[in-house]
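A quick write-up on the structure given underneath.
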Amino acid sequence: MRYRIPAALAALVFLGLPASIWAQGQRGSAPAPPQTPKAAARVDMTGYWVSYVTEDWQWRMITPKKGDFASLPLNAEGRRVGNLWDPAKDEAAGDRCKAYGPPFLMRIPGRLHITWENDNTLRVDTDAGTQTRLFRFGEPAPAGQPTLQGQSVAEWIPAGGRGGYLQVVTTNMRPGYLRKNGPPYSGSAKVTEFFDKVPGPNGVDWLILQTIIEDPQYLTQPMVISTHYRKEPDAKGWNPTACEAR
């Protein structure tokens, strides 16, 4: 029986070098460096997306009346604080953006522009309120002072043959509103989001966002909502506007 010797091994034998050296070199090869979150992205979410309002139209397209907290799991304290809503007071205090934090920002009709800030940070700009959210992958940095958009930690989650989805957990937010008419969330609130890109008819992609809001101070239970976006071919409809308090 004749055996075929790999060319690399044959060359070492011809040169009089022990074959064990060649084998050790193969086993000792340096491992490939880990991929960055950008390179390892389960789906490509970049580009422009526009809201497709199919849920809670009456509370998203217009500002509800004071005291209209339908479908919100507010406790008694949440309702008490919500009924103190005074948009003129917010305007006078220069605090028009209290409804533009993570719990409600993605529900405001408008457009998103998603890009990579760097290899480890996904950036989401909104034309509603001209806000910017940064989804950072890896270990969270030490929490500083609370901000409107808080601190968002992102992770790619595998999902079988569909590639996967993006999970984002946001904390360290300033208190704000769950809707424009004043229902509150506190500085202890936590927002968990799941972004899933789904192909639709006629080659149009959709972004499905499920949001879970937890707030032991003002909610009786986690608040779960879903929001949909359609992929736009370009920036034609992009129209940044300032926050509105009413």
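The values are calculated or read from the model by the stated rules, or taken from the named source; none is laboratory data. Since the structure is predicted, the reported quantities are computational estimates derived from the model, not experimental observations. Cβ coordinates were reconstructed from backbone atoms using ideal geometry, including for glycine residues, and neighbour counts include every protein chain displayed.
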(message) Would you confirm, using the coordinates I've provided, whether Phe135 is under 29 Å from Gly94 (Cα atoms), of a type in the set (Phe, Trp, Tyr) and outside any loop (DSSP other than H, G, I, E, B)?
(response) yes
(request) Could you list, in sequence order, all residues of the range 73-83 that are crowded, with 16+ Cβ neighbours inside 10 Å, in contact with a Phe, Trp or Tyr (Cβ under 8 Å, 6 or more places away or on another chain) and not in a helix (DSSP H, G or I)? (result) Leu74
(request) Would you check which residues across the range 128-154 are surrounded by 13 or more Cβ atoms within 10 Å (Cβ to Cβ) and of a type in the set (D, E, K, R) and list them? (result) Arg133, Arg136
(request) Mind listing whichever residues of the range 98-116 are closer than 18 Å to Asn181 by Cα and of a type in the set (Val, Ile, Thr)? (result) Ile108
(message) Please go through the range 163-192 and give me each residue that is without any contact (Cβ under 8 Å) to a residue 60 or more places away in the chain and either aliphatic (A, V, I, L, M) or in contact with a helix residue (DSSP H, G or I) (Cβ under 7 Å, 6 or more places away or on another chain) (or both), ordered by number.
(response) Val168, Val169
(request) From Ile208, Ile157, grab the single residue that is in contact (Cβ under 8 Å) with a residue 24 or more places away in the chain, surrounded by fewer than 19 Cβ atoms within 10 Å (Cβ to Cβ) and under 16 Å from the mean Cα position of the chain (by Cα). (result) Ile157
(message) So, in the range 84-106, how many residues would count as being assigned to a loop (DSSP other than H, G, I, E, B) and either over 16 Å from Leu219 (Cβ atoms) or at pLDDT below 95 (or both)?
(response) 12
